[in-house]
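The values are calculated or read from the model by the stated rules, or taken from the named source; none is laboratory data. This is a predicted model, so every value here is computed, not measured. Cβ placement follows ideal geometry from the backbone for every residue including glycine, while neighbour counts extend to all protein chains displayed. Each accessible area value is taken on the protein alone, full model and side chains, heavy atoms only, with ligands, DNA and RNA left out. Shrake-Rupley method; radii C 1.70, N 1.55, O 1.52, S 1.80 Å.
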Amino acid sequence: MEQCIAFSVCSAVLILFLFISLLFRKVTKGTANKFFLSLCFFLFLTSWAEITCRLFPFYFSPASENFYILNVLTYLYFISRNLIPPFFFMFIVAYCGLWHKYCSHFRYRIFFVLNTSVAFLLIFGNIWFNQCFYIAENLQFKAGPYILALYLNAFCFFIQAFITVILSRKILSKLIFSVFLMLIFICVGGSTFQFLFPDFTIENFCTAFSILLFTLAVQKPEENIDIDTGSLNFHAFIGDAGKIFWSNTPMDILFVKIEMFDSLKTQFRTQTINLFQSSLIKRFYEICGSEETDVYTISPGFYAIVSLKENQSFFDSVSSAVFLTMNQKMKIDKAELLFSSKICRCRCPDDLKNLKSLLNFCIHYSAIVSQTDSVVNLSSEVMSKDFCIKVNLDDIIKAALENSRFEMYYQPVYNVRKKLFSSAEALIRLNDPQYGFVSPALFIPAAEYSGAIHQIGDFVLEDVCRFISECDFSALKLDYIEINLSVAQAIEENLFEKVCAVINHFDLSPSQVNLEITETAADFNPEVFDSNIIKISSSGVNFSLDDYGTGYSNMKRLATLPLSIIKLDKTLADEYKSEKMNVVIRETVQMLKKMEKLILVEGIEDKDAFDYFVSLGCDYIQGYYFSKPLKKEDYLDFVKKHNCNSNGGLDEN
């Protein structure tokens with residue numbers, strides 16, 4: 001008896017603990033996980049049914065009522081046992097991203113329905129013919145001649161699973177591919193062994209062991225489940241989307257992003273925010289109410305609802321319901337808040353052709369989707385040049401770096417005291433052969449996100465220093481060129497060494513280089529930021545603080561750091577005629593003058609504005625009133641024309 005049930009007991013206990021573990025680890029989202037849980041459930045049921053059937057004759061007499069009970073248990077065993085192969089097959093198919101494709105193709109549906117029907121016809125037909133199995137008078141189980149048909153039926157599912165794994169090898173990692181093949185061979189081997197040696201109930205144990213192997217080697221919920229919300233995460237989204245693209249299955253995606261979500265961190269506890277997100281995701285699932293729809297957390301406050309259901313009216317209703325939900329007050333703790341959300345729907349591969357385009361879209365979502373008052377249909381945007389640029393920014397930047405497509409332009413800066421254009425701001429430009437001019441407002445943030453900003457920064461520093469070395473500053477009456485440092489550059493650990501090396505390489509005077517920084521860079525790593533400025537400044541390089549007046553300026557940093565020039569942002573120049581803004585500007589200029597800072601005003605576009613800021617005592621003026629940014633040849637011509645004459649720079653303007 002021990003020999004008969006030992007493996008079944010091990011299988012039942014193993015699957016019970018595994019099943020509970022999966023539920024506690026929240027491995028319940030996604031089609032593949034649902035099939036996996038169903039597989040575990042039927043394996044558990046089969047193991048305990050087999051144990052009961054094997055033990056029954058030893059504890060009960062062969063009375064008629066016991067005979068009837070054992071028959072019921074035996075049929076329960078065979079029903080659950082023959083559900084294991086189809087659910088194993090469906091799990092493999094769903095994991096490989098082919099579930100929707102199998103469901104939509106007639107021949108696959110015929111295979112599945114026919115194979116499953118044959119098994120159950122044999123089982124239920126056995127009630128009348130007793131050709132598959134029967135219970136003898138001593139309550140012992142006996143196999144009939146048609147039992148082989150049930151095994152062959154199960155093997156058909158395993159063979160089809162094997163074919164699916166082989167066809168999907170390009171999208172499966174080597175580990176997952178190897179584990180899947182091992183699972184199939186273990187299951188087939190266990191079934192074959194039990195068919196040949198019925199007294200050894202090893203079939204369920206082999207299946208349970210293979211499932212355990214898969215769980216330990218492959219199924220790691222921390223990789224696919226967002227710990228904070230319990231939903232599928234970005235890793236799962238990219239993995240599932242990749243399989244769907246590979247299988248060429250159409251999918252509808254509704255993106256939902258809550259604007260300014262990060263600000264909640266300063267208002268509520270992390271646990272409160274996570275509970276809010278969990279309830280919101282639960283609401284999304286309630287709206288969808290479909291087995292072919294999943295919700296993913298791309299990042300905090302950013303979600304993707306993916307539907308494989310070929311029904312546009314269904315997705316229309318989902319989009320409308322989500323939009324209404326996001327435009328209602330939502331409760332967080334005791335506060336009721338109304339969020340501003342960017343919602344966009346797209347259909348792949350019609351709108352986004354491949355996984356790379358989808359990934360780029362997610363990365364640059366906020367820049368691409370601007371509307372908050374309606375659901376944006378990506379299909380209406382995909383043909384626009386602006387959209388194509390935004391969704392392909394990473395490739396455009398990479399190609400620009402590889403093919404030297406970045407170019408430096410120079411905008412003249414007027415020196416009020418000298419009445420000359422004594423400097424210029426170096427501004428990077430990008431002209432792509434396919435898309436034309438690409439705005440720095442687009443590619444700079446994208447480069448900062450991807451890390452390419454470091455390569456771009458190195459190019460700018462070297463190219464501008466080369467330009468300075470080729471100019472006769474004395475003859476042109478130039479003092480320095482301003483070079484913008486990005487946030488990422490400003491906190492580089494080796495920035496001091498890098499700047500000094502480039503200046504020395506081109507044999508420049510440090511005073512010919514002026515580095516522009518924004519105070520927001522200090523928010524990321526203030527110690528490195530401050531250290532870089534102090535060390536570089538001590539070498540003779542001057543610094544300007546850019547965009548002053550656009551944020552909450554740190555007065556302590558302004559007073560303590562060696563900043564030579566403070567650049568008043570264009571927004572101040574635009575509003576100088578406002579009575580209240582006039583007061584702000586005058587007080588700001590007086591304060592900076594008392595701190596012995598030089599003041600540069602950006603964005604001057606007419607003579608009235610020029611005269612106003614000159615009257616306040618500002619030192620430098622920059623803007624379209626004088627010139628737009630120029631190519632280096634045109635800039636040199638401009639400087640020669642305005643500086644190298646007896647009348648002074650402004651008279652010729």
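Label sites at Asp395 and Leu196, each approximated as a point 7 angstrom past Cα along Cα to Cβ, lie 5.4 nm apart.
Over the range 433-515, what portion of Cα pair distances is larger than 18 Å, expressed as a whole percent? Don't skip to the answer; put the middle values down first.
Details: 1641 of 3403 pairs.
It works out to 48 percent of all Cα pairs.
Here the gap between Arg466 and Phe185, fully extended at 0.36 nm per residue and compared with their Cα-Cα distance, gives a gain of 94.6 nm. Each Lys and Arg Cβ is given +1 and each Asp and Glu Cβ -1; about its Cα centre, the range 588-638 then shows a dipole of about 240 debye.
How much net charge surrounds Ser531 when only the other residues with a Cβ under 12 Å from the Cβ of Ser531 are counted, with Lys and Arg +1 and Asp and Glu -1? Walk me through the intermediate numbers first.
Numbers: positive: Lys535; negative: Glu492, Glu493, Glu527, Asp530.
Its environment carries a net charge of -3.
Phi angles across the range 501-511 convert, under the Karplus curve 6.51 cos²θ - 1.76 cosθ + 1.60 with θ = phi - 60°, into 3J(HN,Hα) values of 5, 5, 4, 5, 4, 9, 6, 9, 7, x, 5 Hz, Gly and Pro given as x. Scalar couplings 3J(HN,Hα) for the range 359-365, obtained by applying the Karplus form with A = 6.51, B = -1.76, C = 1.60 to θ = phi - 60°, are 5, 4, 4, 5, 5, 9, 4 Hz; x denotes Gly and Pro. Derived value for the range 100-189: Kirkwood hydrodynamic radius 15.4 Å. Basis is the mean of 1/r over every pair of different alpha-carbon atoms. Compactness of the range 102-254 is given as radius of gyration and Dmax, 19.8, 62 Å, from Cα positions. So for the chain, taking the charge dipole from beta-carbon charges (+1 Lys/Arg, -1 Asp/Glu), which of Cys40, Gly436, Ile503 sits furthest toward the positive end? My answer, from the dipole projection, is Cys40.
Over the range 161-266, Cα pairs under 8 Å with separation of 6+ residues give a relative contact order of 19 percent.
Within the accessible surface of the chain, defined with a 1.4 Å probe on protein heavy atoms only, the carbon and sulfur portion equals 58 percent.
Shown here are the Rg and Dmax of the Cα trace of the range 154-210, at 12.5, 41 Å.
Classify the range 302-373 from the C-alpha gyration tensor, please: rounded if a/c falls under 1.5, else prolate or oblate depending on whether a/b exceeds b/c. Spell out each step's value before the answer.
Details: a/c = 2.51, a/b = 1.50, b/c = 1.68.
Since a/c reaches 1.5 but b/c is at least a/b, the shape of the range 302-373 is classed as oblate.
When the chain is described by a simple charge dipole with +1 on each Lys and Arg Cβ and -1 on each Asp and Glu Cβ, the residue from Val306, Asn204, Asn392 located farthest towards its positive end is Asn204.
Counting only C-alpha contacts under 8 Å and six or more residues apart, can you give the relative contact order of the range 270-373 as a whole percent?
Values: 76 pairs, mean separation 18.5, N = 104.
That works out to 18 percent.
When both bridge partners sit in the chain, DSSP labels roughly 65% of those beta bridges antiparallel. Multiplying the residue separation of Phe437 and Phe58 by 0.36 nm and subtracting their alpha-carbon distance yields 127.9 nm. If the segment from Leu212 to Lys334 were pulled out straight at 0.36 nm per residue, it would be longer than the present Cα-Cα gap by 39.5 nm.
Distances over 17 Å make up what percent of all Cα-Cα pairs in the range 11-82? Could the numbers behind the result be given before it?
Working: 1301 of 2556 pairs.
So the pairs more than 17 Å apart make up 51 percent of the total in the range 11-82.
Shape class for the range 389-472, computed from the alpha carbon gyration tensor (a ≥ b ≥ c): prolate, with a/c not under 1.5 and a/b above b/c. With protein chains left intact and a 1.4 Å probe, residues in the chain average 47 Å² of accessible area per residue.
In terms of its C-alpha gyration tensor, the range 10-165 comes out oblate, because a/c is 1.5 or above while a/b does not outweigh b/c.
Here the dipole of the chain is about 1680 debye; that uses its Cα centre as origin and unit charges on the Cβ of Lys and Arg (positive) and Asp and Glu (negative).
Net charge around Arg429, counting only other residues with Cβ within less than 13 Å of its Cβ (Lys, Arg = +1; Asp, Glu = -1)? Don't jump to the answer; show the numbers that get you there.
Details: positive: Arg405, Lys628, Lys631, Lys632; negative: Glu407, Glu425, Asp432, Asp463, Asp634.
Cβ neighbours under 13 Å give a net charge of -1.
Determine the relative contact order of the chain: mean sequence separation of Cα pairs under 8 Å and six or more apart, normalised by residue count, in whole percent.
On the way: 938 pairs, mean separation 54.6, N = 653.
Across the chain, relative contact order equals 8 percent.
Between Lys594 and Leu167, the distance separating the two model label sites (each 7 Å from Cα on the Cα→Cβ line) works out to 7.9 nm.
With contributions of -39500 (n - 2.57) from each DSSP H run of at least four residues, the per-residue ellipticity at 222 nm computed over the chain stands at -17500 deg cm²/dmol. Computed 3J(HN,Hα) for the range 584-589, one whole-Hz value per residue from the Karplus formula 6.51 cos²θ - 1.76 cosθ + 1.60 where θ = phi - 60°, is 4, 5, 4, 5, 5, 4, glycine and proline marked x.
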